[in-house]
Amino acid sequence: MEMLVVSGGHPLSGRVAVSGAKNAALPIMAATLLADGPVTLRNIPQLVDVATLARVLVSLGMKVHGDTSAALHFETVDDSQQTADYELVRRMRASICVLGPLLAKRKRACVSLPGGCNIGHRPIDLHLKGLRALGAEISIENGYVYAAANQLRGADIYLGSAFGSTVTGTCNVMSAAVLAEGTTRIEAAACEPEVIDLGNFLNSLGAHIVGLGTPCLTIEGVESLSGGDYSIVSDRIEAATLMIAASLTGSLIELENVPVHHMTAVLEILGQVGLKISQWGEITKVDGRGERSAVDFVARPYPGIPTDVQAQMMSLMSVTSGKSIITDSVFPDRFMHASELTRMGAQIRREGSTAVVEGIPRLSGAHVMASDLRASAALVLAALAAERETVIRRIYHLDRGYERLESKLNALGAVIRRVEDQPVELPMAPSLAENATRRSHRAA
């Protein structure tokens with residue numbers, strides 16, 4: 001197992017490119033199961049999650065291979081496979097996105113209930129509700145979802161809940177509905193850019209989906225989808241993470257491939273903090289050299305501030321003078337990073353789905369442990385601005401969703417080393433006998 005050792009206090013400068021979006025790439029990769037011909041996906045990020053889903057697709061009878069241009073090629077070579085095995089699916093929640101495509105294309109699907117980051121309760125009941133509405137017979141046995149339908153049929157489906165829309169649920173139901181007979185209308189569909197990207201991909205193969213980017217989708221079923229060539233949208237979460245790094249270190253950096261049109265709420269809140277962001281052609285300049293101001297915000301579904309940026313913003317507020325109130329309405333329990341930031345000196349108080357952050361001048365390096373993907377990024381960012389060295393363990397979370405984050409930060413001037421994990425050496429406590437001897441000497 002590996003860990004990161006971060007030396008804090010180094011300013012950043014230079015230019016790096018934002019990679020393709022993980023949250024778009026994964027459901028689009030799953031949807032290649034629907035295609036009758038070969039599919040090439042470009043701007044694919046090199047991530048552990050991408051490699052894991054590629055293995056899932058190979059186990060389902062697909063040929064997956066890559067080249068040197070950040071592209072992956074997909075082609076079905078055996079359509080008899082219908083089971084997505086536990087040993088692969090348990091590693092990544094997004095694996096559940098193969099359920100809809102498998103069911104629609106191969107009439108049967110057996111998919112293990114998913115794993116993933118520990119960020120709160122995330123049931124798949126809305127996925128199953130939507131697929132049942134399309135005519136699927138579904139049961140859950142021994143940790144697997146079993147689904148069957150000789151022919152899916154269009155239906156009116158409501159995917160809302162008390163917690164808002166479901167992103168992966170919308171992806172699953174939309175992917176299944178493109179091959180359903182008749183018209184499907186999805187109400188309370190997720191509006192995230194990654195859902196739009198999946199819809200655009202399916203349309204590029206011959207699907208008929210309208211309303212992308214709105215809560216109301218209309219899908220006219222087609223008999224088949226062709227192969228194609230498609231480029232994944234850039235990662236708005238990685239872009240926000242790098243922008244926050246510039247603010248934390250008081251630096252001026254340049255970013256390529258920033259999807260600014262998907263980041264309105266994030267850019268607004270960062271502007272309130274004091275970050276200056278400007279466009280120069282294809283380059284986004286990010287200037288964090290000015291004074292910072294504390295801000296309050298609520299993480300919400302798109303177009304609000306993403307829950308996937310909440311942890312990184314908490315690191316920034318930890319060293320910003322004043323009090324910040326941070327609420328996560330998407331995953332109210334997603335605050336496990338707060339306790340690790342307090343190990344670095346941050347002043348954070350948890351109150352239900354809200355964290356109250358009192359900014360301090362500087363954090364101190366410490367040994368910390370990542371609890372999930374975005375918590376990992378938050379700890380790396382905090383370490384950039386901390387005194388001395390910070391050691392971050394369980395960074396396998398980081399590798400699931402960021403393409404060489406420490407390499408990109410090092411290219412900008414950070415000092416981060418990836419090394420094999422070493423046990424923490426604790427000072428030996430004196431034995432009872434040694435203590436007794438010392439007391440007797442003092443008495444004498």
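Taking N142 as the residue in question, decide whether it is free of Cβ contacts under 8 Å to residues at least 24 places away in the same chain and over 12 Å from G221 (Cα atoms). Spell out the reasoning first.
Values: free of Cβ contacts under 8 Å to residues at least 24 places away in the same chain: yes; over 12 Å from G221 (Cα atoms): yes.
Answer is yes for this residue.
For residues in region 129-157 being under 25 Å from the mean Cα position of the chain (by Cα) and farther than 14 Å from S112 by Cβ, which is surrounded by the most Cβ atoms within 10 Å (Cβ to Cβ)? So that I can check it myself, show each step before the final result.
Filtering region 129-157 down to residues under 25 Å from the mean Cα position of the chain (by Cα) leaves 129-131, 143-145.
From what is left, the residues that are farther than 14 Å from S112 by Cβ are 129-131.
On the way: K129: 17, G130: 26, L131: 28.
Per the stated criteria, the residue is L131.
Table: residues versus (1) within 12 Å of V6 (Cβ to Cβ); (2) not basic (K, R).
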| residue | (1), (2) |
| --- | --- |
| M344 | yes, yes |
| S353 | no, yes |
| V357 | no, yes |
| P361 | no, yes |
| M369 | no, yes |
| D372 | no, yes |
| A378 | no, yes |
| R388 | yes, no |
| V391 | yes, yes |
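Quick one: P423 ticks every box in (1) over 26 Å from D328 (Cα atoms); (2) touching a residue at least 60 places away in the same chain (Cβ under 8 Å); (3) part of a loop (DSSP other than H, G, I, E, B) except a single one, so which number is it?
Going through (1) over 26 Å from D328 (Cα atoms); (2) touching a residue at least 60 places away in the same chain (Cβ under 8 Å); (3) part of a loop (DSSP other than H, G, I, E, B) one by one, P423 breaks only (2).
Name the residue, out of A385, A346, A414, that is at pLDDT 90 or above, in contact with a Gly (Cβ under 8 Å, 6 or more places away or on another chain) and more than 30 Å from R93 (Cα to Cα). Show your work before the answer.
Working: A346 fails: in contact with a Gly (Cβ under 8 Å, 6 or more places away or on another chain); A414 fails: in contact with a Gly (Cβ under 8 Å, 6 or more places away or on another chain).
Sole residue among the options that is at pLDDT 90 or above, in contact with a Gly (Cβ under 8 Å, 6 or more places away or on another chain) and more than 30 Å from R93 (Cα to Cα): A385.
Identify, please: which residue in region 103-127 is under 21 Å from the mean Cα position of the chain (by Cα) and crowded, with 18+ Cβ neighbours inside 10 Å and is, among those, modelled with the lowest pLDDT?
Applying the filter and picking the extreme gives I119.
Could you look through region 381-391, keep only residues that are over 19 Å from the mean Cα position of the chain (by Cα) and under 15 Å from A346 (Cβ atoms), and pick out the one that is surrounded by the most Cβ atoms within 10 Å (Cβ to Cβ)? Explain how you work it out, then say what you get.
Going through region 381-391, the residues over 19 Å from the mean Cα position of the chain (by Cα) turn out to be 383-391.
If we keep only those that are under 15 Å from A346 (Cβ atoms) too, we end up with 383-387, 390.
Working: A383: 27, L384: 29, A385: 23, A386: 26, E387: 14, T390: 26.
Looking at the filtered set, the residue picked out is L384.
So A70 clears everything in (1) modelled with pLDDT of 95 or more; (2) closer than 30 Å to A246 by Cα except one condition, right? Which one?
Of everything listed in (1) modelled with pLDDT of 95 or more; (2) closer than 30 Å to A246 by Cα, A70 misses just condition (1).
Going by the structure shown, is L217 touching a residue at least 12 places away in the same chain (Cβ under 8 Å), over 22 Å from D156 (Cα atoms) and assigned by TED's automatic domain parsing to the domain that holds Q151? Walk me through how you get there before you give the answer.
Values: touching a residue at least 12 places away in the same chain (Cβ under 8 Å): yes; over 22 Å from D156 (Cα atoms): no; assigned by TED's automatic domain parsing to the domain that holds Q151: yes.
Against the criterion (touching a residue at least 12 places away in the same chain (Cβ under 8 Å), over 22 Å from D156 (Cα atoms) and assigned by TED's automatic domain parsing to the domain that holds Q151), L217 does not qualify.
Here are the criteria: (1) within 15 Å of A239 (Cα to Cα); (2) out of contact with any His (no Cβ under 7 Å at 6 or more places or on another chain). Tell me which single one A311 does not satisfy.
Just one mismatch for A311, condition (2).
Anything in region 1-60 that is outside any loop (DSSP other than H, G, I, E, B) and charged (D, E, K, R)? List them, or say none.
E2, R15, K22, R42, D49, R55
Just to be sure before I move on: is V56 among the aliphatic types (A, V, I, L, M) and either crowded, with 22+ Cβ neighbours inside 10 Å or over 16 Å from the mean Cα position of the chain (by Cα) (or both) in the structure I sent?
Details: among the aliphatic types (A, V, I, L, M): yes; either crowded, with 22+ Cβ neighbours inside 10 Å or over 16 Å from the mean Cα position of the chain (by Cα) (or both): yes.
In short, yes.
In contact with a Leu (Cβ under 6 Å, 6 or more places away or on another chain) and under 19 Å from R292 (Cα atoms) - does that describe any residue in region 356-369?
Within region 356-369, the subset in contact with a Leu (Cβ under 6 Å, 6 or more places away or on another chain) is 368.
Next, from what is left, pick out any that are under 19 Å from R292 (Cα atoms): none.
Within region 356-369, none of the residues are in contact with a Leu (Cβ under 6 Å, 6 or more places away or on another chain) and under 19 Å from R292 (Cα atoms).
Criterion first (β-branched (V, I, T), within 23 Å of S224 (Cβ to Cβ) and touching a strand residue (DSSP E or B) at 6+ places or on another chain (Cβ under 7 Å)) does V16 satisfy it? Explain how you work it out, then say what you get.
Values: β-branched (V, I, T): yes; within 23 Å of S224 (Cβ to Cβ): no; touching a strand residue (DSSP E or B) at 6+ places or on another chain (Cβ under 7 Å): yes.
Considered against the rule, which asks whether it is β-branched (V, I, T), within 23 Å of S224 (Cβ to Cβ) and touching a strand residue (DSSP E or B) at 6+ places or on another chain (Cβ under 7 Å), V16 comes out as no.
Across region 278-307, which residue is surrounded by the most Cβ atoms within 10 Å (Cβ to Cβ) among those that are over 23 Å from the mean Cα position of the chain (by Cα) and β-branched (V, I, T)?
The residue in question is V295.
Here's a check for you: in region 242-277, which residue that is charged (D, E, K, R) and in contact with a Lys or Arg (Cβ under 9 Å, 6 or more places away or on another chain) is surrounded by the most Cβ atoms within 10 Å (Cβ to Cβ)? I'd like the intermediate steps shown before the answer.
Residues of region 242-277 that are charged (D, E, K, R), as a first pass: 254, 256, 268, 276.
In the following step, the residues that additionally are in contact with a Lys or Arg (Cβ under 9 Å, 6 or more places away or on another chain) were identified as 254, 256, 276.
Values: E254: 17, E256: 13, K276: 15.
Restricting to residues being charged (D, E, K, R) and in contact with a Lys or Arg (Cβ under 9 Å, 6 or more places away or on another chain), the top hit is E254.
What helices (runs of 4 or more DSSP H), lying completely within region 247-366, carry at least 2 residues that are in contact (Cβ under 8 Å) with a residue 60 or more places away in the chain?
Values: elements: 264-273, 310-318, 336-343.
Answer list for region 247-366: 310-318.
Looking at region 69-113, which of its residues are in a helix (DSSP H, G or I), touching a strand residue (DSSP E or B) at 6+ places or on another chain (Cβ under 9 Å) and of a type in the set (A, V, I, L, M)?
Answer for region 69-113, where residues must be in a helix (DSSP H, G or I), touching a strand residue (DSSP E or B) at 6+ places or on another chain (Cβ under 9 Å) and of a type in the set (A, V, I, L, M): L88, V89, I96, V98, L99, L102, L103.
Tally time: how many residues in region 156-194 are farther than 20 Å from A31 by Cβ, among the aliphatic types (A, V, I, L, M) and either in contact with a strand residue (DSSP E or B) (Cβ under 8 Å, 6 or more places away or on another chain) or not assigned by TED's automatic domain parsing to the domain that holds V222 (or both)?
1
The values are calculated or read from the model by the stated rules, or taken from the named source; none is laboratory data. All values derive from a computational prediction rather than experimental measurement. No Cβ is skipped: glycine too gets one built from the backbone with ideal geometry, and neighbour counts run over all protein chains shown.
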